[in-house]
């Protein structure tokens, strides 16, 4: 017998509210960015997709960062970061910044880097665009990620093309 919404007797163990939550969360579209930061003599970058606009005036965004990521102290201390939006063709950049590398290495070596209004924050020249941001609020939420709310202080379109949009099959996995 085909299942329908009103017939709960045919549900299987995988038809649980948890699997529905995972599936639905994975369908929230997200852009793909390299989040970059600089503090003192260190510069780091990481791939992120949990970025959302939160205000029109002033223009503000939110970004979620997994607790314990090495870039968090740089952002917390400098109160600044940049987001470089990637295109679907940026596979090498995506691979480079998707996993934490050796923290003693500069992850930007070998890539063309430009600078915006914050001269020390690296911006990938191959990105479609970038936003420079100043942290307005850091929230240590009761979960596996922290939230940074930041004012967009500068932005520029660098290259033409469509941005990569990321959807996941399971909202509980990367």
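In terms of its alpha-carbon gyration tensor, the stretch 69-126 comes out oblate; a/c meets the 1.5 threshold, while b/c is at least as large as a/b.
Sort 142, 169, 20 so the one with the fewest other Cβ atoms within 10 Å of its own Cβ comes first. Don't jump to the answer; show the numbers that get you there.
Working: 142 4, 169 9, 20 12.
Going from least to most buried by this count: 142, 169, 20.
The C-alpha atoms of the chain define a longest principal axis, and helix 17-26 lies at about 40 degrees to it.
For the stretch 10-96, what percent of Cα pairs sit more than 21 Å apart? For the stretch 10-96, the fraction of Cα-Cα distances above 21 Å is 47 percent. For the chain, averaging the sequence separation of C-alpha pairs within contact (under 8 Å, six or more residues apart) and dividing by the residue count gives a relative contact order of 29 percent. Residues 132, 164, ranked from the fewest to the most other C-beta atoms within 10 Å, line up as 164, 132.
The slack between residue 66 and residue 162, meaning 0.36 nm per residue of separation minus the straight C-alpha distance, is 31.9 nm. Extension gain, residue 55 to residue 16: 0.36 nm times the residue separation minus the Cα-Cα distance gives 10.5 nm.
For the stretch 32-166, compute Rh as the Kirkwood radius over C-alpha pairs and then the Stokes-Einstein diffusion coefficient at 20 °C and 1.002 mPa s; write the answer in µm²/s, rounded to an integer.
Rounded to a whole number, D works out at 145 µm²/s.
Taking other Cβ atoms within 10 Å as a rough exposure proxy, 162, 23 sort from fewest to most as 162, 23.
First check a/c for the stretch 90-174, with a ≥ b ≥ c the square roots of the eigenvalues of its C-alpha gyration tensor; if it is under 1.5, answer rounded, and if not, answer prolate when a/b is larger than b/c or oblate otherwise.
Numbers: a/c = 1.38, a/b = 1.17, b/c = 1.18.
Rounded.
Where a number appears in this text, it was derived from the coordinates with a stated rule and is not lab data. It should be emphasised that the depicted structure is a prediction, and the values quoted were computed from it without experimental measurement. For neighbour counting, all protein chains shown are included, and Cβ atoms are generated from backbone atoms with ideal geometry for every residue, glycine included.
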